[in-house]
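Note sheet for the following structure.
The values are calculated or read from the model by the stated rules, or taken from the named source; none is laboratory data. Bear in mind that the values here come from a model prediction, so they are computed numbers and not experimental data. Glycine gets a Cβ as well: all are built from the backbone with ideal geometry, and neighbour counts include every protein chain shown.
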Amino acid sequence: MTVFEGNFTEDISSWRFAIVIGRFNDLVTDKLLSGCQDCLKRHGVDVNPDGTQVDYIWVPGSFEVPMVARQVALSHRYDAVICLGAIIRGQTPHFDYVAAEAAKGIAAAAFQTGVPVVFGILTTDTLQQALERAGIKSNLGWNYGLSALEMASLMRQLRPRDENKPLELLENNPQQALIEG
Ligand code: INI
């Protein structure tokens, strides 16, 4: 049998990433973005907005993130899409609606397009908890960047190489299709 897993040793200079960021609670999302950029940069990605590897797309809030993530994933121009947002519980049920739609929508964007879409949306009870996860104690933005690198690598390995053959081969003998391409 073959073991497939993402690795961090490839030449990724031609890989492309889209980062979709919610402006709502940007005190937090700015920091998540910094952590994510730091991770990508230290793995060899040119994170410069004027460069060719990372596009940055700002949206009003986490509710809008999935729609845009799906749209950019559909373009198939990116190896992975990273979604960043911060949903902080208030006094009303609003949190639950925004959090549920963000989670469902991001999962759907990945599932419908076959492109890795990283769920980098913090959901916390307080601003303090969000800040602790965005740089005060650790920065989960780094982890989201790492997930994108790992999934981009894994999905490249799982992508059938012969675009004309994959479906019937995958249905009949998925393992063989992946190995032969
Ligand atoms: N958006 C967030 O990203 N985080 C939140 O905590 C939040 N709260 O609590 O309201 C939030 N709301 C805005 C929402 O994402 C949309 O932008 C808005 O409803 C317009 O569609």
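Does CYS83 satisfy being more than 16 Å from the ligand (Cβ to nearest atom), closer than 20 Å to LEU146 by Cβ and outside any loop (DSSP other than H, G, I, E, B)? Outline the logic, then answer.
Values: more than 16 Å from the ligand (Cβ to nearest atom): no; closer than 20 Å to LEU146 by Cβ: yes; outside any loop (DSSP other than H, G, I, E, B): yes.
Criteria not met by CYS83.
Would you confirm whether any residue within region 60-67 is away from the ligand (no atom under 16 Å from the Cβ) and either outside any strand (DSSP E or B) or without any contact (Cβ under 8 Å) to a residue 24 or more places away in the chain (or both)?
Looking only at region 60-67, we keep the residues that are away from the ligand (no atom under 16 Å from the Cβ), and these are none.
No; the residues of region 60-67 include none that is away from the ligand (no atom under 16 Å from the Cβ) and either outside any strand (DSSP E or B) or without any contact (Cβ under 8 Å) to a residue 24 or more places away in the chain (or both).
For region 24-47: of the residues being closer than 17 Å to ALA148 by Cβ and not in a helix (DSSP H, G or I), which is nearest to the ligand (Cβ to nearest atom)?
At the first step, the residues of region 24-47 found to be closer than 17 Å to ALA148 by Cβ are 29, 32-47.
Narrowing the set further to residues that are not in a helix (DSSP H, G or I) leaves 43-47.
Values: HIS43: 27, GLY44: 30, VAL45: 25, ASP46: 28, VAL47: 22 Å.
Among those residues, the one meeting the criterion is VAL47.
Would you check if there is a residue in region 20-38 being surrounded by 19 or more Cβ atoms within 10 Å (Cβ to Cβ) and closer than 21 Å to LEU154 by Cβ?
yes
Here are some conditions: (1) crowded, with 18+ Cβ neighbours inside 10 Å; (2) at pLDDT below 95; (3) not basic (Lys, Arg). GLU168 meets all but one. Which one does it not meet?
The one condition GLU168 does not meet is (1).
Tell me whether region 86-98 contains one or more residues that are within 21 Å of LYS31 (Cα to Cα), of a type in the set (A, V, I, L, M) and more than 10 Å from the ligand (Cβ to nearest atom).
No, because not a single residue in region 86-98 is within 21 Å of LYS31 (Cα to Cα), of a type in the set (A, V, I, L, M) and more than 10 Å from the ligand (Cβ to nearest atom).
Across region 92-109, what is the total count of residues that are in contact with a helix residue (DSSP H, G or I) (Cβ under 9 Å, 6 or more places away or on another chain) and exposed (fewer than 13 other Cβ atoms within 10 Å of the Cβ)?
Adding up the residues that qualify gives 2.
This table checks each residue for (1) aliphatic (A, V, I, L, M); (2) more than 13 Å from the ligand (Cβ to nearest atom); (3) without any contact (Cβ under 8 Å) to a residue 12 or more places away in the chain.
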| residue | (1), (2), (3) |
| --- | --- |
| ALA103 | yes, no, no |
| ILE106 | yes, no, no |
| ALA109 | yes, yes, no |
| PRO116 | no, yes, no |
| LEU127 | yes, no, no |
| LEU140 | yes, yes, no |
| GLU150 | no, yes, no |
| MET155 | yes, yes, no |
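Can you tell me which condition PRO66 does not meet? The list is (1) surrounded by 12 or more Cβ atoms within 10 Å (Cβ to Cβ); (2) in contact with a Phe, Trp or Tyr (Cβ under 9 Å, 6 or more places away or on another chain), and all the others hold.
Among (1) surrounded by 12 or more Cβ atoms within 10 Å (Cβ to Cβ); (2) in contact with a Phe, Trp or Tyr (Cβ under 9 Å, 6 or more places away or on another chain), the lone unmet condition for PRO66 is (2).
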